[in-house]
Amino acid sequence: MKKFRLSIILTIVLKLSINLTYAVDLYVDASISTSGNGLSWTTAFKTLTEAINLANQTGTYNNIYVAKGTYYPTGQQNGTDRDATFFINICDLKLLGGYPNGGGVRNIKDNPTILSGDIGALGNMNDNSYHIMVIPCNAFNENSVVVDGFIFQYGNANGSGSNKFGINGLSVQRNRAGAIAIWDNYSANGGVNIRNCISNNRF
């Protein structure tokens with residue numbers, strides 16, 4: 001009987017350990033009032049920046065599910081840092097847009113998920129983000145990074161000099177790649193896979 005109880009206890013502890021270790025999904029929903037911990041739709045992050053930053057810092061998360069809405073590299077639309085970007089510096093990460101607010105069945109047509117560089121003065125291209133997204137991942141394996149189901153708009157790479165990111169000496173010229181800048185995409189089959197995405201009004 002004691003051995004049986006011990007076996008049950010060990011099984012429960014092991015399951016708890018697995019659940020704590022492999023919390024691999026993050027959720028983002030622009031429609032919520034304040035950010036939660038990002039671990040479910042009911043406790044989603046409000047900004048995509050929070051989710052990407054956490055994934056970069058921990059290397060624990062493999063999927064980021066994003067509900068319809070508009071998301072800015074600065075987090076808030078009124079941010080003014082033109083060098084701010086959705087910066088992905090880890091591999092084995094998938095960003096999937098097109099979910100309804102609050103979660104549900106994914107449909108990228110019915111749930112437009114917009115990554116916008118229109119920061120600062122709304123509608124003024126002159127102060128928009130230089131790069132909406134930068135991916136410097138050393139992506140040797142196919143589909144190491146997947147960005148699926150997003151609309152990129154209003155990036156404006158009209159600057160001078162370079163933005164230095166501190167990752168393997170990476171710097172990106174501010175007059176290139178207003179939508180997405182991808183570095184070190186080594187896999188012949190596409191280590192970084194951008195699919196089901198649209199780029200509108202990119203400069």
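Any chance you could count the Lys pairs in region 24-200 whose alpha carbons are under 20 Å apart, treating pairs 8 or more apart or on different chains as valid?
5
Sticking with the crude label model, points 7 Å out along Cα→Cβ, report the distance from ASN63 to SER162 in nm, one decimal please.
3.7 nm
Restricting to Cα pairs below 8 Å that are 6+ residues apart, what does the relative contact order work out to for region 24-200? Please round to a whole percent.
Relative contact order, region 24-200: 19 percent.
At 7 Å along Cα-to-Cβ for each site, give me the label-to-label distance between SER171 and MET125 in nm.
Simple spin-label model gives 2.7 nm for this pair.
Taking a cut-off of 20 Å, what percent of all Cα-Cα pairs in region 51-148 are separated by more than that?
44 percent
In what sequence, highest mean first, do 93-99, 55-61 appear when ranked by Cβ atoms within 10 angstrom?
Packing proxy ranking, top to bottom: 93-99, 55-61.
Please give, to one decimal in nm, the separation of the simple spin-label points placed at LYS109 and ASN56, each 7 Å out from Cα toward the Cβ.
About 3.5 nm separates the two model spin labels.
Going toward the positive end of the dipole of region 24-200, with +1 on Lys and Arg Cβ and -1 on Asp and Glu Cβ, which of LEU48, THR113, ASN37 do you reach last?
Sorting the options by dipole projection puts first THR113.
Ordered by packing density, taken as the mean number of other Cβ atoms within 10 Å over each peptide's residues, highest first, how do 27-40, 149-162 rank?
Answer by packing, highest mean first, reads 149-162, 27-40.
Once you have the alpha carbon radius of gyration of region 24-200, what is it after dividing by 2.2 N^0.38 Å, with N set to its residue count?
0.96
Bear in mind these aren't lab numbers, they're just calculated from the coordinates by the rules spelled out. Keep in mind it's a predicted model, so treat the numbers as computed, not measured. With ideal geometry, Cβ positions are generated from the backbone for all residues, glycine too; neighbour counts draw on all protein chains shown.
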